[in-house]
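**Student:** Shown below is the structure under consideration.
The values are calculated or read from the model by the stated rules, or taken from the named source; none is laboratory data. Owing to the predicted nature of the structure, the values given are computational and were not obtained by experimental measurement. We place every Cβ from the backbone using ideal geometry, glycine too, and count neighbours over all the protein chains shown. Heavy atoms of the whole protein, side chains included, go into the accessibility calculation; ligands, DNA and RNA do not. Shrake-Rupley method; radii C 1.70, N 1.55, O 1.52, S 1.80 Å.
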Amino acid sequence: MNGGGSEEAAEAVAAAAAPVEAPLQLEWKFAQVFGERTAGEEVQEVDIISAIEFDRTGDHLATGDRGGRVVLFERTDTRDHGGNRRDLERMDFPINRHPEFRYKTEFQSHEPEFDYLKSLEIEEKINKIKWCQSANGALFLLSTNDKTIKFWKVQEKKVKKICDMNVDPAKAAGNGPLVGPSISTSSKPYTANGGCLDKPLGLSNDFSFPPGGVSSLHLPVVVVFALIYCLIETSLVPRCRRIYAHAHDYHINSISNNSDGETFISADDLRINLWNLEISNQSFNIVDVKPANMEDLTEVITSAEFHPTHCNMLAYSSSRGSIRLVDMRQSALCDSHSKLFEEQEVPGSRSFFTEIIASISDIKFAKDGRYILSRDYMTLKLWDINMDSGPVSTFQVHEYLRPKLCDLYENDSIFDKFECCLSGDGLRVATGSYSNLFRVFGCTDGSTEATTLEASKNPMRRQVQTPSRPSRSLGTLSRGFRRGADNSGADTNGNAFDFTTKLLHLAWHPTENSLACAASNSLYMYYA
């Protein structure tokens with residue numbers, strides 16, 4: 001018996017040591033577009049999308065624009081059966097070829113304001129949107145502009161009507177259908193609202209009951225209109241539940257929900273504040289990098305996010321390319337980090353642009369919290385929170401821009417802030433680029449996936465061939481590896497890259513290979 005157990009253990013060890021086969025490269029296809037521009041159509045500044053976010057189920061999608069509006073979309077392909085994709089697969093329900101969304105509602109989240117004390121104009125542009133836990137059929141979300149965070153509740157209100165009255169059914173068309181078997185059949189003429197025409201209006205002393213009395217009295221009944229016609233007729237009502245204001249001296253760049261469902265953080269250039277969702281007039285400053293003398297300021301906070309499962313941990317990035325992991329259990333003011341992630345500078349590679357392009361514009365935790373994805377101007381980097389010696393992977397997004405950094409500095413494009421995202425299974429990462437292009441990389445060992453797609457109805461039109469992944473050696477373990485570089489200034493069709501069109505915002509569906517991308521005022525959706 002011991003011999004058999006040893007053989008099973010040996011087989012298990014061998015299976016664990018066997019190399020994991022890299023997933024196949026995904027073939028991306030166009031799914032939907034909302035707000036598509038016609039050729040030559042001029043885009044209004046207020047219509048440009050500035051934020052995009054899926055909720056945790058993937059059944060709702062929210063976008064914010066520079067005009068301060070929030071637009072909500074809901075998924076429709078699973079609504080008929082009321083389940084998610086995996087549940088439908090188990091029940092053998094037919095599944096559509098891709099997730100389908102429809103417009104749900106929109107509301108004005110922020111208005112332009114003016115700070116008279118600082119003589120500062122506060123624009124209405126939505127910087128970030130974060131979904132909160134839903135309850136009682138209502139949707140909750142946070143939205144923020146540069147200074148003010150708002151907590152919104154969006155709830156469906158069912159339309160109700162009066163539909164059971166003591167009136168002649170032939171004369172009651174104005175009240176809709178009547179419910180109930182007993183309805184007055186008197187031959188007296190009635191108006192649509194039940195009034196009798198053969199007696200004067202108002203109360204009179206000569207009123208008498210009909211011979212034999214009234215057989216039955218029908219009180220008006222308020223019923224849901226949907227119950228009569230077997231349709232769902234609802235009205236969506238957005239309501240601002242709370243406003244979190246006057247807590248940031250600098251522009252808010254990030255908000256993030258905590259896994260405890262009760263708190264969230266907001267970050268500006270120098271501080272990170274902790275809020276309770278139920279308390280809008282008080283916040284706690286947990287990170288403060290402002291020096292006593294502002295001339296000593298060397299870096300600013302660029303992005304911050306809570307750990308997806310540990311409510312005491314958060315990470316924030318800086319303009320010098322570093323990421324700090326913070327444990328709020330250590331102290332009330334978390335100025336000292338528990339871990340620091342940064343890549344060592346290669347000797348002799350420093351230039352005027354080194355610090356500018358090293359600035360991290362966005363960070364995202366993987367779903368399991370083990371990895372952090374960061375985006376700087378030129379690259380995506382994947383960090384293991386258990387290894388602070390350097391990134392485990394580096395992906396070149398648009399290396400062809402390196403010779404053009406002077407031009408990009410002159411027109412301020414070098415300061416563009418691109419977002420990044422990870423797939424729900426953690427196997428792939430994505431980010432945007434110029435010419436409305438976005439890139440998808442496989443991040444598992446052995447994967448050579450590095451796909452370039454265009455935000456259009458034909459995403460594969462500008463497919464760029466990329467070199468295969470270099471083999472990983474012991475010497476590269478500390479600094480990771482680089483992949484996906486393309487050095488040309490034009491695509492495979494010979495089209496020059498357009499630096500005036502940029503894909504800054506995108507989001508990956510939490511459970512499926514589906515991407516939502518914002519190109520100017522248009523929302524494109526793709527599936528694989």
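**Student:** Which value, in Å² and to the nearest 10, is the accessible area of R324 when all protein chains are kept and the probe is 1.4 Å?
**Tutor:** Accessible area, nearest 10 Å²: 40 Å².
**Student:** Say the cut-off is 27 Å between C-alpha atoms; which of K150/K339; K157/K367; K29/K158; K339/K417 go over it? Could you put the intermediate results ahead of the total?
**Tutor:** Values: K150/K339 32 Å; K157/K367 34 Å; K29/K158 37 Å; K339/K417 25 Å.
Over 27 Å apart, Cα to Cα: K150/K339; K157/K367; K29/K158.
**Student:** Quick one: which residues, 5+ away or cross-chain, put their amide H under 5 Å from the amide H of S50? H built at 1.01 Å from N.
**Tutor:** Here the answer is G64, D65, R66, since their amide H atoms fall under 5 Å of that of S50.
**Student:** So, one more: What are the semi-axes of the equivalent ellipsoid for segment 234-275, taken as the square roots of 5 times the Cα gyration tensor eigenvalues, largest first, in whole Å?
**Tutor:** Numbers: eigenvalues 117, 41, 16 Å².
Rounded to whole Å, the semi-axes are 24, 14, 9.
**Student:** For the full complex of protein chains and a 1.4 angstrom probe, list S336, S319 by accessible area with the highest value first. List each step's numbers first, then the result.
**Tutor:** Working: S336 70, S319 30 Å².
The ranking, largest first, comes out as S336, S319.
**Student:** For Y244, Y371, what's the largest-to-smallest order of accessible area, 1.4 Å probe? Spell out each step's value before the answer.
**Tutor:** Working: Y244 0, Y371 75 Å².
Of Y244, Y371, the descending order of accessible area is Y371, Y244.
**Student:** Now, a different point. Rounded to a whole number, what is D in µm²/s for segment 314-373 from Stokes-Einstein with the Kirkwood radius over alpha-carbon pairs (10 °C, 1.306 mPa s)? Walk me through the intermediate numbers first.
**Tutor:** Details: Rh = 13.1 Å.
D = 121 µm²/s.
**Student:** Pairwise over distinct Cα atoms, reciprocal of the mean inverse distance: report the Kirkwood radius of segment 230-373 in Å, one decimal place.
**Tutor:** On the way: mean 1/r = 0.0590 Å⁻¹.
Across segment 230-373, the inverse of the average 1/r is 16.9 Å.
**Student:** In a solvent-free Debye calculation with one equal scatterer on each Cα, what is log10 I(q)/I(0) for segment 341-431 at q = 0.19, 0.23, 0.26 Å⁻¹, listed in the order of the q values?
**Tutor:** The calculated log intensity ratios at q = 0.19, 0.23, 0.26 Å⁻¹ are -0.91, -1.21, -1.41.
**Student:** Using a 1.4 angstrom probe and counting only protein chains, how large is the accessible area of C311 in Å², to 10?
**Tutor:** C311 has an accessible surface of roughly 60 Å² with all protein chains in place.
**Student:** Where the accessible area of segment 240-329 is counted over protein heavy atoms with a 1.4 Å probe, how much of it, in %, is carbon and sulfur?
**Tutor:** Here it works out to 45 percent.
**Student:** Now for a different question. Show me the ranking of peptides 343-354, 387-398 by mean Cβ neighbours inside 10 Å, starting with the highest.
**Tutor:** Order by mean packing, descending: 387-398, 343-354.
**Student:** Per-residue accessible area for E106 at 1.4 Å probe radius, Å² rounded to 10?
**Tutor:** Rounded to the nearest 10, the figure is 80 Å².
**Student:** Quick one: order L274, L297, L333 from most to least accessible surface, probe 1.4 Å.
**Tutor:** Working: L274 35, L297 60, L333 80 Å².
From most exposed to least exposed: L333, L297, L274.
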